[in-house]
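Report on one structure; see the data block that follows.
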Amino acid sequence: MELIKSRDKAEKPSGPSIRVLFRIAIITLVGLAFLALLGISYLNITADEQTKAESSIRSEINYLCLQLESLGNRVDAFNKIVTLEGVEPQNLEPKALEIYQLLSDPIGNVLSGYTLAETGTVFIISDDAVIASDDARVPVGSNVRELLGDEVHDALDASLQSGQMMPIPFTGVFDTSGGPGSYGEKDDKAFLLAGQQGDYTIAIIEPMSMVFRERKAIIGREVTVYFVILFVVGVVVDRLLSIIIARHIDETNEVLERITAGDLDARVKEEGTREFVSLASGINVTVESLQSWIAEAQARIESELSAARSIQESALPTTFPPYPEISKFDLYALMDAARMVGGDFYDFFLVGESGPDAGKLVFLVADVSGKGVPAALFMMEAKAQVRRELQNGVELSQAIDNANKVLSDDNNTCMFVTMWVGILDYETGHLIYVNAGHNPPLLWKEKVGWSWITERSGLPLGFFADSSYRTHSIDCGPGDKLLLYSDGVSEAMNADEQQYGNDRLEAVANANANAQPETLVKAVRDDVALFVQDAEQSDDITILALELYE
């Protein structure tokens with residue numbers, strides 16, 4: 001489990017979410033569909049409007065053709081009557097003369113009062129000459145080719161031959177302002193449809209604004225309908241994608257976050273589409289395999305750490321009293337690692353068991369930076385170096401100097417060790433010591449009580465190879481006690497993140513001032529446990545107590 005929890009906090013993935021990508025895709029597709037529908041609608045409406053305009057113009061031409069046919073019949077009938085009577089026109093009665101004059105030029109009045117709602121132009125021609133017109137820009141008597149140009153004249157012939165409405169430029173005479181049908185400022189195109197009645201040709205011209213006058217309104221209505229329909233479709237598709245895809249992805253990610261946070265009992269629901277079921281099944285199988293592998297790895301690591309703990313414990317003296325044949329002192333110590341193995345250690349041994357140095361006890365408490373296996377390895381090396389130097393008879397300050405040089409060389413891990421080490425002449429009570437950056441111990445004297453030994457000798461071992469250490473000394477007597485400890489005691493934390501502190505340590509020492517070393521050490525350990533209660537032990541705890549006798 002520690003392999004997963006080593007990631008304190010998973011980094012938030014960058015980039016857009018799948019919902020955002022879905023919505024961008026939906027908006028893009030809806031937009032393209034909208035433009036496509038708009039284009040198709042524009043083409044269809046344009047074609048429909050043009051067809052309706054052509055049908056309307058053709059109706060107008062048919063109507064005018066009927067009018068011309070009717071007028072022609074009436075003129076023929078009147079001429080027959082006049083011929084049968086044998087009367088000269090000038091000899092007719094006044095009323096009959098008026099009718100004759102009217103019928104002698106019937107085409108000139110056929111367009112009287114006729115209009116295309118002031119939007120188009122209608123004219124009648126014969127032999128390319130305009131004989132009737134409702135537009136002042138196409139005056140009676142003008143030549144169509146000369147007036148309107150070859151392109152319009154050719155379009156007129158083409159319309160007569162095909163019967164279809166033809167596009168023409170709405171320029172030339174139609175550029176002038178004034179008069180009905182002046183649309184040169186906004187129309188550059190128009191449509192022409194022509195019809196034949198006898199010797200006469202009827203032509204009607206309508207500008208594009210008239211032909212497509214309904215197009216804008218129709219397109220506006222269809223745009224509104226398309227927008228509403230596509231908006232509803234987009235919302236429905238977005239919702240379906242969220243339900244079918246995004247929801248399963250979110251649920252899968254939530255489970256994966258729980259798994260990466262260390263909850264290996266979390267499982268992805270195997271539901272939804274075949275692809276999601278396959279994905280969920282694959283994740284679950286992977287997590288189960290990972291869970292099994294971690295369990296095996298933990299079992300193997302715990303077994304190895306248990307062996308390492310046994311080795312470490314065997315390296316610390318654990319027989320108490322340590323020297324029952326010597327009645328000058330009593331000593332007790334313990335080390336409680338925060339993990340399976342720790343970086344704290346204590347040691348004690350006799351030096352000069354014969355000769356002039358006989359009757360001397362070396363005792364020490366040390367604390368390596370860090371915890372776990374690296375700290376334990378560094379601890380073993382530090383312990384071995386100090387013991388070797390002192391057992392070889394090297395003076396205390398020089399022994400610590402030598403050990404520091406060895407520990408500082410090739411210290412790629414930048415680890416260090418604090419240490420309080422003393423050499424007690426238990427025959428005379430004279431104590432010399434070195435404090436290399438360690439916590440100050442407590443000294444008990446009957447008439448003084450507990451006091452702190454605060455003198456320092458130098459930096460912790462392992463920092464700088466050229467560091468030097470000076471010794472200090474104290475004269476002790478029967479009944480005096482020393483209490484050494486690591487910072488795992490004074491800096492122990494409870495659930496409220498409060499430290500145990502030196503004041504509480506001194507209070508426990510006062511309460512057990514008359515206790516034997518073993519009782520004193522266990523009293524301190526029990527009080528620390530009472531203080532932290534259920535809080536996790538954050539550091540190794542090492543305690544050593546020594547009492548002198550007569």
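Observations
- Restricting the stretch 116-156 to GluC sites (Glu not before Pro) in coil, as DSSP defines it, with at most 15 other Cβ within 10 Å: Glu118
- Ordered from largest to smallest accessible area (heavy atoms of protein chains, 1.4 Å probe), the residues Arg258, Arg19 come out as Arg258, Arg19.
- Solvent exposure of the stretch 392-526 as accessible area per residue, Å², 1.4 Å probe: 46 Å²
- One Cα centroid belongs to the stretch 124-157, the other to the stretch 513-550; the line between them spans 125 Å.
- For Glu275, the accessible area of its heavy atoms, probed at 1.4 Å with every protein chain present, is near 120 square angstrom.
- Computed from phi, the 3J(HN,Hα) profile of the stretch 145-161 under the Karplus parametrisation 6.51, -1.76, 1.60 (θ = phi - 60°) reads 5, 5, 6, 9, x, 5, 5, 5, 5, 5, 5, 5, 4, 5, 5, 5, 6 Hz, with x in place of Gly and Pro.
- The distance between label points at Arg456 and Leu350 comes to 3.6 nm (points 7 Å beyond Cα on the Cα→Cβ vector).
- Difference of contour (0.36 nm per residue) and Cα-Cα distance, Asp496 to Glu271: 76.5 nm
- Rounded FRET efficiency, nearest 0.05, which uses the C-beta distance separating Arg258 from Lys405 and R0 of 45 Å: 0.30
- In the stretch 203-232, trypsin sites (Lys or Arg not before Pro) in a DSSP loop with at most 16 other beta-carbon atoms within 10 Å: Arg213
- Stretching Ser468 away from Asp199 to a fully extended chain increases their span by 83.5 nm, per 0.36 nm per residue minus the current alpha-carbon distance.
- With the highest mean first, a sort of the peptides 453-462, 506-515 on other beta-carbon atoms found within 10 angstrom per residue produces 453-462, 506-515.
- Summing charges over neighbours of Tyr332, with a neighbour being any other residue whose Cβ is under 10 Å away from its Cβ, gives -2 when K and R count +1 and D and E count -1.
- Local electrostatic count at Ala155 - Lys and Arg +1, Asp and Glu -1, tallied over other residues with Cβ under 12 Å: -2
- When each of Lys328/Lys447; Lys383/Lys445; Lys360/Lys383; Lys360/Lys445; Lys371/Lys405 is checked by Cα-Cα distance, pairs over 26 Å: Lys383/Lys445
- Estimated distance in nm for a label pair at Trp293 and Asp503, the labels positioned 7 Å out from Cα along Cα-to-Cβ: 5.2 nm
- Part-to-part distance (alpha-carbon centres) for the stretch 361-393 and the stretch 410-486, which is given in Å: 14 Å
- Debye log10 I(q)/I(0) at q = 0.17, 0.24, 0.26, 0.31 Å⁻¹ for the stretch 231-272, Cα point scatterers: -0.54, -0.76, -0.82, -0.97
- Positive contributions from Lys and Arg (+1) and negative ones from Asp and Glu (-1), summed over other residues with Cβ under 12 Å from the Cβ of Val521, come out at -3.
- Modelled this way, with points 7 Å down the Cα-to-C-beta line, the labels at Leu66 and Ser397 are 13.7 nm from one another.
The values are calculated or read from the model by the stated rules, or taken from the named source; none is laboratory data. All of these numbers come straight from a predicted model, not from anything done at the bench. Because the Cβ atoms are built from the backbone with ideal geometry, glycine has one as well, and the counts that use them run over all protein chains shown. Accessible surface is based on the protein model in full, side chains and every heavy atom, while ligands, DNA and RNA are left aside. Shrake-Rupley method; radii C 1.70, N 1.55, O 1.52, S 1.80 Å.
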